[in-house]
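Novice: The structure follows.
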Amino acid sequence: MDTSRISFGEMVAGISGVVLFIVMFFPWYKAEVDSSFGASGSTSVNAWEAFGFIDVLLFLVVLVAVGMAVARAAGVMPAQLPAPPGMIVAAAGALALLLIIFRIISLPGPDIDIDGVDFGRQFGIFLGLLAAAGITFGGYTAMNERGSGTAPGA
């Protein structure tokens, strides 16, 4: 593998993809129960536990972002893709960004308000948002660096 083949955008997208994968194991949501139920406590869940299908989509975005960087470094980037690789990664990153923004606004969980139970967001979802933004930025930058499919500076 020759890392000199990887452009700045591909590197940003690949690293952001790895970060998103790691952050998916961090706490994304919490539920706190106050003492009005006779006992108090709190629990937190990560992206894998909180989502039913969005976590799979986020994992596919990670595979696309990291896969592009690895394929470029290995020199095995397919020649016949439906769109430039940077555009594919930028679109996948934008999808991840929109899904995470949706889940910041709309918490997964019960649709009813339960007195004494507080549902909230944890730091992991905001780190995931930043990582998805990094994938989008990296894909967009790679798309502009390699618009014609040539190597940077060629």
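The values are calculated or read from the model by the stated rules, or taken from the named source; none is laboratory data. What you see is a predicted model, and the numbers here were worked out from it, not measured in a lab. So basically every Cβ, Gly included, is an ideal-geometry build from the backbone, and we count neighbours across all protein chains shown.
Novice: Which members of the range 106-133 meet the condition of being farther than 18 Å from SER44 by Cβ and modelled with pLDDT under 80?
Specialist: Correct list: ASP111, ILE112, ASP113, ASP115.
Novice: What about LEU63, is it of a type outside the set (D, E, K, R) and either crowded, with 17+ Cβ neighbours inside 10 Å or not in a helix (DSSP H, G or I) (or both)?
Specialist: no
Novice: So which of THR136, THR141 ends up being modelled with pLDDT of 90 or more, outside any loop (DSSP other than H, G, I, E, B), within 11 Å of the chain's Cα centre (by Cα) and crowded, with 17+ Cβ neighbours inside 10 Å?
Specialist: THR136
Novice: Select from the range 36-60 the residues that are closer than 13 Å to MET24 by Cβ, of a type in the set (Val, Ile, Thr) and either touching a residue at least 60 places away in the same chain (Cβ under 8 Å) or in a strand (DSSP E or B) (or both) and list them in ascending order.
Specialist: Across the range 36-60, the qualifying residue is only VAL45.
Novice: Restricting the first residue to the range 86-102 and requiring it to be touching a residue at least 60 places away in the same chain (Cβ under 8 Å) and crowded, with 21+ Cβ neighbours inside 10 Å, which pairs with a second residue that is of a type in the set (A, V, I, L, M) and not in a helix (DSSP H, G or I) meet a Cβ separation below 9 Å and a spacing of at least six or different chains?
Specialist: Final answer for the pair search is none.
Novice: If I filter the range 67-85 down to residues being free of Cβ contacts under 8 Å to residues at least 40 places away in the same chain and in a helix (DSSP H, G or I), which single residue comes out as farthest from ALA131 (Cα to Cα)?
Specialist: The residue in question is ALA71.
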